[in-house]
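Novice: There's a structure below that I have some questions on.
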Amino acid sequence: MVFSSHLFLFYFLTASLVLYYLSPRWLKHLTLAAVSYVFYGWANPLFVVLMFVSTLIDYLCGLALAGQLRPSTWRGPIPLLPSGQPRTRGQRWVLAVSMISNLSVLGFFKYFNFLIDNYTVLVESLGLTGMGIENVLKVTLPLGISFYTFQSMSYTIDVYRGDAKAIRNPIDFWCYVAMFPQLVAGPIIRFQDVADQLRQRTHTVEKFARGIAFLGLGLGKKILLANPCGKVADMAFDAGSIGCVDSWVGAVAYAFQIYFDFSAYSDMAIGLGLMLGFMFAKNFDSPYLSQSITEFWRRWHLSLSTWLRDNLYYPLGGNRKGPVRTYVNLALVMLLGGLWHGASWNFVIWGAIHGLMLILERLGGKHSLYERLPGLAKMAITFVIVCFTWVFFRAADLPAALEYCRSMLGLTAPQSGAGLIGGLVYQPYYVVSMLLAAVVVWVCPQTWDFTRKITWQKALWIAAVFWLAIMAMTTQEFNPFIYFIF
């Protein structure tokens, strides 16, 4: 079930909100958890079993970390573990159980097929054909597993560090992990950010109105901008041969598509959270205004970048152990960030390029020639680099990505008939959509800022965008969000 569908907007969401608001306060989390499990199990009910087991393990680990597993401790408030103090050996083992169980589940379902296929290719390339493994059984990737495993792990990590108290009521924890607004494609909600809201939060008309605004504008981003830009990207990347200019248009189109697609989901998730009384953190901060790759990662997918920073980069030593160690840490974090997105060499290369750029920017420092350029020039260069790296994100496989990159660099001669792609790409509808996307990216305010105060003029604008998106949605095919596959 996707947000950009009539089934979700007019049936599931309506029923969920009615049930939630009719439920007494003590029953709201159970209601929300129940409808969230229905939402997640809509495509495949077996996915629910996996998420339930993963959630159960982390719930028990949280209680064990706080010393709350014994019946004698089931009364009174759960204490907050003292921050900065060394943990016992038992607590370290409990955290290890949580981390290993989550990463094992994620690793098996996400990387099993990838590892088997690459092993077989390797042994066959060495002439050891008899040692290959015939992968008869393909493992299906559960929806949103990358998101909810990271989110569930953040609970035990926060409890272990003393950043949040453990939860005694299992329904509250089930609600936190399974909450349908951000379950499938984020943002990754850190437990410490919503711990107090799980205990107590307000439901106001202002929150609900802002939630509707986020939902409407997010749907507009997805239907009116991401989808038509995606059509241009599809035509460019699926072409057998393409010219230099057309390949850049396709790359820019995909840059717009993935931004509006993912930020639309985040906007809709934040809006749905507000309608349920929750305030989730911002996930995007106008990333294409960045003047460096370092700044880009301070603006793009904030929930993932901060999770990797706090739970991987800092524990590895961050920038506290000398420049060489800093460069190694940056490269490792970005490589693992690439692999988090998918089991493919394309994602590894995508992460490696970003890691290399972060290292080069640190090496250059504030006195480099690049830093002396005007801000607009730095923004343009950064956007070009980001568009180039998106090729590895979008291309079907590594050979296709490399061929597309050669086209962008003008290193290949387009085959006869390649010019026909222009007749498809440069149709007025697609050109206007691309121009409108550019205006929204570089001129318009962010949804987060635009919805801080809803005036009647803004309300009319939001209603118009919502209505246009609904009308356009009836003419489009099934359009899942890109990050559903991660």
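Novice: Could you please let me know if L56 is at pLDDT 90 or above, within 30 Å of T474 (Cα to Cα) and of a type in the set (A, V, I, L, M)?
Specialist: The answer is no for L56.
Novice: Every residue in the stretch 371-395 that is closer than 21 Å to L339 by Cβ and free of Cβ contacts under 8 Å to residues at least 60 places away in the same chain, please.
Specialist: If the condition is that a residue be closer than 21 Å to L339 by Cβ and free of Cβ contacts under 8 Å to residues at least 60 places away in the same chain, then T389, F392 are the ones that fit.
Novice: I'd like to verify a number: residues in the stretch 23-51 that are surrounded by 14 or more Cβ atoms within 10 Å (Cβ to Cβ) and either charged (D, E, K, R) or within 29 Å of the chain's Cα centre (by Cα) (or both), how many?
Specialist: 20
Novice: Is there a residue in the stretch 165-186 that is among the aliphatic types (A, V, I, L, M), farther than 25 Å from M275 by Cβ and touching a residue at least 12 places away in the same chain (Cβ under 8 Å)?
Specialist: yes
Novice: Here is a further query. For residues that are assigned to a helix (DSSP H, G or I), out of contact with any Leu (no Cβ under 8 Å at 6 or more places or on another chain) and among the aliphatic types (A, V, I, L, M), tally how many sit in the stretch 45-91.
Specialist: Count: 9.
Novice: Looking at the stretch 27-50, I want the residues that are of a type in the set (D, E, K, R) and have a partner that is at pLDDT 95 or above and part of a helix (DSSP H, G or I) with Cβ atoms under 7 Å, at least 6 apart or on another chain. Which pairs are those?
Specialist: K28/Y20
Novice: For the stretch 188-202, which positions are closer than 16 Å to L304 by Cα, free of Cβ contacts under 8 Å to residues at least 60 places away in the same chain and surrounded by 19 or more Cβ atoms within 10 Å (Cβ to Cβ)?
Specialist: The one that is closer than 16 Å to L304 by Cα, free of Cβ contacts under 8 Å to residues at least 60 places away in the same chain and surrounded by 19 or more Cβ atoms within 10 Å (Cβ to Cβ): F191.
Novice: Any residue at all in the stretch 5-22 that's surrounded by 17 or more Cβ atoms within 10 Å (Cβ to Cβ), part of a loop (DSSP other than H, G, I, E, B) and modelled with pLDDT under 95?
Specialist: No, there is no match, as no residue in the stretch 5-22 is surrounded by 17 or more Cβ atoms within 10 Å (Cβ to Cβ), part of a loop (DSSP other than H, G, I, E, B) and modelled with pLDDT under 95.
Novice: If you don't mind, another one. Regarding the stretch 182-202, can at least one residue be identified that is basic (K, R), under 21 Å from W26 (Cα atoms) and in a loop (DSSP other than H, G, I, E, B)?
Specialist: Yes.
Novice: Determine, yes or no, whether V440 is among the hydrophobic types (A, V, I, L, M, F, W, C), at pLDDT 90 or above and closer than 22 Å to G243 by Cα.
Specialist: In short, no.
Novice: Mind checking which residues of the stretch 406-425 are modelled with pLDDT of 90 or more and surrounded by fewer than 18 Cβ atoms within 10 Å (Cβ to Cβ)?
Specialist: Across the stretch 406-425, the qualifying residues are R406, L409.
Novice: Continuing with the same structure: Given the structure, is V205 over 22 Å from the mean Cα position of the chain (by Cα), without any contact (Cβ under 8 Å) to a residue 24 or more places away in the chain and more than 13 Å from A469 (Cβ to Cβ)?
Specialist: yes
The values are calculated or read from the model by the stated rules, or taken from the named source; none is laboratory data. Here the structure is a predicted model, which is why all the values come from computation and not from measurement. Glycine gets a Cβ as well: all are built from the backbone with ideal geometry, and neighbour counts include every protein chain shown.
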